[in-house]
Every structure is written in structure tokens, then in C-alpha cells.
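Below: the structure, in C-alpha cells.
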Amino acid sequence: MDRRFNCTACGKCCFGWLPLTLNDALSHAARFPLALVWTPVPQGTRAFSLTARLGTTIRLRNRKQIAALITPTAYLPPSFPCPELTAEDLCGIHENKPLRCRTMPFYPYREEQDQADLLVPRKGWACDTSVAAPVVYHNKGIVERTDFDLERKELLEQAPTMRAYADYVLKYMPWIIDSLGAIAQQPGGNVITSLSSFLTAIRQFDAVTLAAQQLPVLKDYAARTSGAPELLEYQRNYAGWAREMEYLARSKSPQDSAQTPDSPL
């Protein structure tokens, strides 16, 4: 069955968390408050194989195995718009927007044949799926696939780096294994870790520059979420991560910025 879809630039999808490739996350470090989102998938489920390829596999204490995506993410409350969404509901960085925004509504964290339901607009969205819209999905295949393939390629290329990060976190913060195992039994939850923990674990990036870019962003969002009880977790994370970035930004080199193993993530 053919599926039709056309973006009407309503801006409704430009709110809340935005999954990013690692390249896009670091390129936009001066724009988005960043976090690492861990999403566990139980073994035996449809998404397990691809999740393992794009992320990592983790052996639980009961010897069962799960897969986990570790996704660099623009960490915004659901009610908060993308900082680049204009008053006219248009993208302020259209020519330089992340791959995730270009690939929408398709999602390369899923197998290609499992994309059909993503073409059904969410409540309140003004996406055009009428007969006037172009066919974008045919015989369970994406018709214009350039952006999808590019995003999938970047996800596969970054997978070894994300696995190295996972090894670091699970070594120094083993409680995360139990959290992921519990969440895997009730899909829909996540574990959140900080960009500073990633920069500490993976020394190939300029931690000082990235921290200096993130610091004002995190301080701004900490201020914007202050005093709102429903945003307390976001406010605490922004404020705590800002302190970590302040420390990293003062460091002379990425090597000097290493946290102690028991530092908060």
C-alpha cells in the first residue's frame, strides 16, 4: 500500500526531545542542551537486532541480555519548542538543520519495513497525507531515501564510539544495568546520562571547547525551568550538568578534565 505525506511546516513536531547523530549533537553544542538517552530493548523483540547494531548489548545480572540505544539528544521538556523554531513556526537553521529533522517522519532506528505508522500524523499535527501529497512509502520501502540512508550511515559509524562509552559507564556506574533491566520489562522508559560523562570517557573530542559551548545553554535552560514543579527533573539536570561543564571549560586540555570514576553522570 502506498503512503502519502507532505510537511506543511506547522512546527508541531519541533517540541521536546530531539534524537541526534553524534556529529549533529557536537556541531550544535552551542544551541541545544545535550544529554545521552539510553533506551533498552529486550531480547526476542522485533527491534532487538537493529538496536544491537546501532547501540550495544548488555548482560543483566540474571544472565538475560538486552540491547540499548545510547542516543545523543537535544534534551528539551515536551512543552519547550526547539530554540530555532521561529515565531512563524519555521526552522531558523533550515540549511543547517540536523539529519533527524531532514529525515522526518521516517526513523532510521527502525527497520525500513516498519515505518508505515510513522506516516500517521499525531493529534494536532497538520501533516498532509491527502491524495494531493506525494507518495513517500511504497511496498514497505522509502521512495526518496537520501536523508534516511545518510542518518542511518552516521548511526552505524558512531556505534563503536557509543559502545566504548557504554563500557565506561557500566564499569563505573554499574547500577545503570539494573535500571535498564527494570525499564526493559516496561518499555517506554529511559536512563539519562550527561554529555560531560561522554567527554570524560571518550577523549577524542575537544572537551574544553564543547563545555564552553554547552555551559551558557545549560545555564539558560536551568533558569527557564526554575520554579516549575513539573520541570524539576529537567532543572536539576541542567543545573548539575552546568556545574560539570563549568569545570570542564576551565580545564587546560581534555586530559585534565577527566572526572573521578564516581563522579555523577
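Every number here is computed from the coordinates shown, using simple stated rules; none is lab data. Keep in mind the model is a prediction, meaning the values are calculated, not measured. When we count neighbours, we look across all protein chains shown, and the Cβ atoms used for this are built from the backbone with ideal geometry, even at glycine.
Tabulated data for the structure shown
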item	result
Extension gain, Ser49 back to Asp2 (0.36 nm per residue minus Cα-Cα distance, nm)	14.3 nm
Kirkwood Rh (inverse of mean 1/r, distinct Cα pairs), the range 138-196, angstrom	14.3 Å
Ranked Asp117, Asp24, criterion: other C-beta atoms within 10 Å, fewest first	Asp117, Asp24
Estimated 222 nm signal from helices in the chain, with DSSP H stretches of n ≥ 4 weighted -39500 (n - 2.57), rounded to 500	-12000 deg cm²/dmol
Gyration tensor verdict on the range 176-237 (Cα atoms; rounded if a/c is under 1.5, prolate if a/b is larger than b/c, oblate otherwise)	oblate
When the convex hull of its Cα atoms is projected in every direction, mean area for the chain (nm²)	14.9 nm²
Cβ-isolated cysteines (cut-off 4.7 Å), the chain	Cys7, Cys10, Cys13, Cys91, Cys101, Cys127
Trypsin sites (Lys or Arg not before Pro), loop per DSSP, at most 11 other Cβ atoms within 10 Å - longest free stretch of the chain	124-251
Sparse-neighbour loop sites [GluC sites (Glu not before Pro); the range 10-99; at most 14 other C-beta within 10 Å; DSSP]	Glu88
Convex hull per residue volume in Å³, alpha carbons only, for the range 1-151	136 Å³
Shape parameters for the range 20-70, alpha-carbon atoms, Rg then Dmax in Å	13.6, 42
